[in-house]
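Peer 1: Shown below is the structure under consideration.
All of the numbers you see were taken from the coordinates with simple rules; none came from a lab. What you see is a predicted model, and the numbers here were worked out from it, not measured in a lab. Note: ideal-geometry Cβ built from the backbone for every residue, glycine included; neighbour counts use all protein chains shown.
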Amino acid sequence: MYLNLNGYGYIQKMTHVKQLFSKRINCLGLLQSGYIIVRAKDGLITKVSFQTIQIVASCELLGGVKSRSFTNDQTHFFTGSIQSSIYLLDTEKLIPELRNTCHQERINDVAFLHSYSDVFATSSLNDIRVWNAKNRQNRLEYKFQIYNVGQMSI
């Protein structure tokens with residue numbers, strides 16, 4: 001991998017990390033502190049030193065990384081995954097915090113409990129989720145992954 005930063009006046013080869021990014025890099029973010037945030041399609045996020053081209057910190061998210069948005073002071077950034085999850089990461093240590101999640105596919109069914117409308121369940125193609133109706137949040141501890149079976153109803 002070659003890192004070409006014409007505005008900074010040098011090109012450097014990152015051969016020692018060739019195996020690390022085997023699924024293709026889809027985004028680079030240059031921080032004002034002199035580090036580069038590298039996001040790969042396999043969910044790997046790394047912080048690389050601009051001066052030494054050495055990996056300073058890394059983490060792996062569930063599913064590939066799809067989007068990224070830094071805060072104004074560049075101390076944190078939000079990133080979205082292919083599996084429809086939103087994470088908040090600090091740029092110092094790259095510790096991910098899951099902020100939001102949703103179905104990847106269309107919703108096929110919604111079910112409420114009899115005489116209790118504060119909680120409901122939704123069914124998608126490969127998972128069932130339980131939601132809190134009052135704060136409109138997915139109860140992350142109640143997410144059921146069902147593989148190779150298309151969920152049509154609950």
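Peer 1: Using DSSP to call loops (not H, G, I, E or B), can you name the trypsin sites (Lys or Arg not before Pro) in segment 74-107 whose Cβ has at most 13 other Cβ atoms within 10 angstrom? Walk me through the intermediate numbers first.
Peer 2: Working: sites: K93, R99, R106; in loops: K93, R106.
Sparse-neighbourhood loop trypsin sites (Lys or Arg not before Pro): K93, R106.
Peer 1: Let me ask you something else. At 0.36 nm per residue, minus the direct Cα-Cα distance, what do T71 and N135 gain on full extension? Give it in nm, one decimal, please.
Peer 2: 20.5 nm
Peer 1: List the GluC sites (Glu not before Pro) within segment 59-134 that DSSP assigns to loop and that have no more than 15 neighbouring Cβ atoms inside 10 Å.
Peer 2: Numbers: sites: E60, E92, E97, E105; in loops: E92, E105.
Within segment 59-134, the qualifying GluC sites (Glu not before Pro) (loop, at most 15 other Cβ atoms within 10 Å) are E92, E105.
Peer 1: Could you line up I45, I55 from fewest to most neighbouring Cβ atoms inside 10 Å? Don't skip to the end; give the middle numbers.
Peer 2: Working: I45 23, I55 15.
Starting with the residue having the fewest Cβ neighbours, the order is I55, I45.
Peer 1: Using a 7 Å offset from the Cα along the Cα-to-Cβ direction at both N108 and S58, what is the distance between the two label points in nm, to one decimal?
Peer 2: For N108 paired with S58, the spin-label model returns 3.8 nm.
Peer 1: Another question, if that's okay. If the chain between F120 and I95 were fully stretched, how many nm would it gain, using 0.36 nm times the residue separation less the Cα-Cα distance? Before the final figure, lay out the partial values.
Peer 2: Values: separation 25, 0.36 × 25 = 9.00 nm, distance 3.12 nm.
So the extension gain works out to 5.9 nm.
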